[in-house]
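Have a look at the structure below before the remarks.
The values are calculated or read from the model by the stated rules, or taken from the named source; none is laboratory data. In this text, all values refer to a predicted model and were calculated from it rather than measured experimentally. No Cβ is skipped: glycine too gets one built from the backbone with ideal geometry, and neighbour counts run over all protein chains shown.
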Amino acid sequence: MNFNFGESKLDFVKHRKKFFIFSALLVLTGVILLSTIGLNLGIDFESGTKVELLSNETLTAERVNAEFAEIGLAPDSVLLAGDRSEMAYASFIGVLPQEDVLKVQRHFHESFGSEPNISTVTEMVGRELARNAFYSVIFASIGIVIYVTIRFELLYGVAAIVALLHDAFFIITVFSITQMEVNLPFIAAVLTIVGYSINDTIVTFDRIRENLSYEKKIRGFEDLARVVNKSLVQTLARSINTVLTVVFAAAALLIFGGEAIRTFSFALLVGLVAGTYSSLFIAAQLWLVWKSKSLEKKRFKPAENEA
């Protein structure tokens, strides 16, 4: 599938306020949801125990829950994995006592013929993982600002970071609505989207800079708006064609990849859409508004000095 807009009359700059309002409403919705519903944090970020089961036959969630019920336990979630669903991951919010761990090991060794792999995350470890995930996003953002500022200018870098934060917040909002489990694969997906989105944004910025070099003189907002809109139209087909290929791959992972990577593939799918949107309609539009104000200040500065 190939999209080619050629000399399209599309005017994205004209609708910039609509894009800003939509994103502002999204952020407001996210803040409300996070302060009320919150996120469904997995045991990677809260204290808990995960039991990895391996069987010689196909498993079902009902079978796994029934096996645990025999020893008086009820897992908070059960995920199936493997080509024949011969693997299962049972998660418990809160750390299981040692006597329960021993009961689980004995029971499933007798039932499935193999001892389960049991891992525990304490509350302290969960907080450390959450803190490290936050730091990884912050350090990535700082590195991106420095790189984009060196390659372009500071306004480009700030606009790119706002777009990235918009993408991350969009994913978090969707996960708050769906209440899907937030775990380490979720963080991996967010960082993947950060890299994809900044690549798309830099391509758009590079086209803006190139088109600016062809202009004899940039007087103000109208000249900048014409250049930005031309650049967006030129990169639109490339962005749609690129994101569709990756979306197909992410959708295939979501459908056929199994429960073990469902969080990663879903977050990736949502982030790809948000990243393309923000690169075209948030980052470039913000740069346009800020750059035009910067030109106005420079234009009126000499007059103020003469006065």
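For this structure, a couple of remarks:
- Taking the stretch 58-80 as the range and being outside any loop (DSSP other than H, G, I, E, B) and either modelled with pLDDT under 85 or not acidic (Asp, Glu) (or both) as the test, the residues that pass are Ala61, Arg63, Val64, Asn65, Ala66, Phe68, Ala69, Ser77, Val78, Leu79, Leu80.
- Some residue of the stretch 81-98 being out of contact with any His (no Cβ under 9 Å at 6 or more places or on another chain) and part of a helix (DSSP H, G or I): yes
- The stretch 90-137: number of residues that are closer than 16 Å to Glu70 by Cβ and of a type in the set (Lys, Arg): 2
- Tally, over the stretch 55-90, of residues that are more than 20 Å from Ile261 (Cα to Cα) and among the aromatic types (Phe, Trp, Tyr): 1
- Close pairs (9 angstrom Cβ cut-off, 6 or more residues apart or separate chains): at positive phi in the stretch 243-267, part of a helix (DSSP H, G or I) and modelled with pLDDT of 85 or more anywhere: none
- For the stretch 213-234, the condition of being more than 20 Å from Ile144 (Cα to Cα), of a type in the set (S, T, N, Q) and under 18 Å from the mean Cα position of the chain (by Cα) holds for none of the residues.
- Among all positions in the stretch 124-146, there is no residue which is outside any helix (DSSP H, G or I) and under 13 Å from the mean Cα position of the chain (by Cα).
- Residue check for Tyr156: crowded, with 19+ Cβ neighbours inside 10 Å, in the same structural domain as Ser294 (by TED's automatic domain parsing) and either out of contact with any strand residue (DSSP E or B) (no Cβ under 6 Å at 6 or more places or on another chain) or part of a helix (DSSP H, G or I) (or both): yes
- Within the stretch 99-120, being in a loop (DSSP other than H, G, I, E, B), touching a residue at least 12 places away in the same chain (Cβ under 8 Å) and touching a helix residue (DSSP H, G or I) at 6+ places or on another chain (Cβ under 9 Å) holds for Ser114, Pro116.
- Residue identified as closer than 30 Å to Ala133 by Cα, modelled with pLDDT of 80 or more and either part of a loop (DSSP other than H, G, I, E, B) or over 18 Å from the mean Cα position of the chain (by Cα) (or both) among Lys14, Lys50: Lys50
- Check on Ile218, assigned to a loop (DSSP other than H, G, I, E, B), touching a residue at least 12 places away in the same chain (Cβ under 8 Å) and outside the structural domain of Ser77 (by TED's automatic domain parsing): yes
- In the stretch 102-129, the residues that are of a type in the set (A, V, I, L, M, F, W, C) and over 22 Å from Leu41 (Cα atoms): Leu102, Val104, Phe108, Phe112
- Evaluation of Leu25 against the conditions (1) in a strand (DSSP E or B); (2) aliphatic (A, V, I, L, M); (3) surrounded by fewer than 16 Cβ atoms within 10 Å (Cβ to Cβ) shows that the sole unmet condition is (1).
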